[in-house]
Amino acid sequence: MKQLLLGVNGKPVLEEYEDQPLQAGYVRVVSDHGAPKHGTELHGYEKDPFAKVYYDEDTHIFRPREKELVYDGRSGLGNMWVGRITEIGEGVEGLETGQRVAGYGNLKNTHTVKAEDVLVMPETMTWKEAVCYDPLQFALGGIRDGHVRMGDKVLISGLGAIGLMAAQAAKAAGASLVVVSDPIEGRRQAALENGADMAFDPTKEDFGLILRDKTDGIGMDVVIETSGNYKAVEQGIRALAYGGNFAMVGWLGECHIPINLGYEGHFNQCHFYFSRACSEPNNDYPRWSFDRICKEAWNMLCKGMFSCENIVAPVVEFDTCDESYLHYIVENPQESVKMGVTFKNA
């Protein structure tokens, strides 16, 4: 049996492992499919962002570590898996062998997890819908933080998996116009296929000006920014209506480029929200928590409310996923949206 790790040479590598005896309260699952989480994993792949700091849960402030972490290069690569239960530990109730389930973990042949941590899949649910569970959580958080309401005109900036799910979520929330922006043509096409009304290439078009013309000078009511790109932030503010809402979902790194926030940003009095669905307490606490966001996201996917077929692409074989990870995620991200992985037993 093998699993995908970040090797000591800084490249993905498939390495062998052995399963340990199953403990009480756990189940063992044989993998059929899986998928990495491109943006977040790439942060850790290129440079561990938490090596020098840690997040203080009590004060909600990043503080310097007394001793910088030494990265050992053995982290697992991958985000979610789908498979069938093959073993059930003592004391586990409500689950059966052969049952199709999903969960969190790196790409590997088997997963041994606590019974309460598995997500039971209805037979009508596709594996691609299941692995879109994580991006939908953050898309849903952005939609809620941006206060999208029926009839709003919404711009989704950045079309990775989160952005593509957010575009569909905005439509489901009643947006009358959903516009998307991304420099990669394949991602724009996927958004249009899934219901977006208009798509722009931000490297070629001043869509902020175009959208004001198309909305009688008003602009977009809400911008959901998922790329974490500073120029995308600038363009999004340019497209935003006076008093509009801007939900910053993407993970911004250090800014090393000129960015102009003065004109539209200052004069249009926009409302800016840094949106992170898993930061507690949630903005709508106590009614909403991350746990509720997760439950609602899973329920919607189970009902088939989102199209995920063209989001999880391309799909590669597990036996060569080390090479595929390097190619599609690290070196050529423009050739993929959310890479899917299939195992031989699928």
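The table that follows gives values for the structure above.
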| read-out | value |
| --- | --- |
| Normalised contact order of region 281-346, rounded percent, pairs of Cα under 8 Å and 6 or more residues apart | 30 percent |
| Of the trypsin sites (Lys or Arg not before Pro) in region 113-212, those whose Cβ has at most 12 other Cβ within 10 Å and which sit in DSSP loop | K204 |
| Relative contact order %, the chain, counting alpha carbon pairs below 8 Å whose residues are six or more apart | 18 percent |
| Accessible-area composition of the chain, carbon plus sulfur, in percent [1.4 Å probe] | 50 percent |
| Accessible surface, per residue, of region 155-236 when the full set of protein chains is kept, probe 1.4 Å, Å² | 37 Å² |
| Positive minus negative residues near I293 (Lys, Arg vs Asp, Glu; Cβ under 15 Å) | -1 |
| Positive-end residue, the chain charge dipole about Cα centroid, Cβ charges, pick of F138, W81, V13 | F138 |
| Neighbourhood charge, 13 Å Cβ-Cβ cut-off, centred on Q334 and excluding it, Lys, Arg +1 and Asp, Glu -1 | -3 |
| Antiparallel bridge percentage (DSSP; both residues within the chain; nearest 5) | 60 percent |
| Helix-only CD estimate at 222 nm, as mean residue ellipticity for the chain, using -39500 (n - 2.57) per DSSP H run (n ≥ 4) | -7000 deg cm²/dmol |
| Prolate/oblate/rounded call for region 121-203, Cα gyration tensor, a/c under 1.5 rounded | oblate |
| Sparse-neighbour loop sites [GluC sites (Glu not before Pro); region 170-262; at most 10 other C-beta within 10 Å; DSSP] | E254 |
| Cβ-based net charge around E129, under 15 Å, with every Lys or Arg adding one and every Asp or Glu removing one | -1 |
| Solvent-accessible area per residue, Å², over region 261-346 with all protein chains present [probe radius 1.4 Å] | 56 Å² |
| Candidate aspartates and glutamates for bridging to K231, where Cα separation is under 20 Å - those fewer than 8 sequence places away on the same chain excluded | D182, E185, D201, E205, D206, D221, E254, E264 |
| Cα centre as origin, Lys/Arg/Asp/Glu Cβ charges: the chain dipole, Debye | 540 debye |
| Dipole magnitude of region 3-42 about its Cα centre (Cβ charges: Lys, Arg +1; Asp, Glu -1), debye to nearest 20 | 180 debye |
| Relative contact order of region 220-346, defined on C-alpha pairs under 8 angstrom at six or more residues apart (%) | 17 percent |
| Listed pairs K108/K344; K37/K114; K2/K128; K37/K108; K11/K37; K303/K344 exceeding 20 Å between Cα atoms | K37/K114; K2/K128; K303/K344 |
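The values are calculated or read from the model by the stated rules, or taken from the named source; none is laboratory data. Bear in mind that the values here come from a model prediction, so they are computed numbers and not experimental data. A quick note on method: Cβ atoms are made from the backbone with ideal geometry, for glycine too, and the neighbour counts reach across all protein chains shown. What goes into the accessible areas is simple: the full protein's heavy atoms, side chains included, and nothing from ligands, DNA or RNA. Shrake-Rupley method; radii C 1.70, N 1.55, O 1.52, S 1.80 Å.
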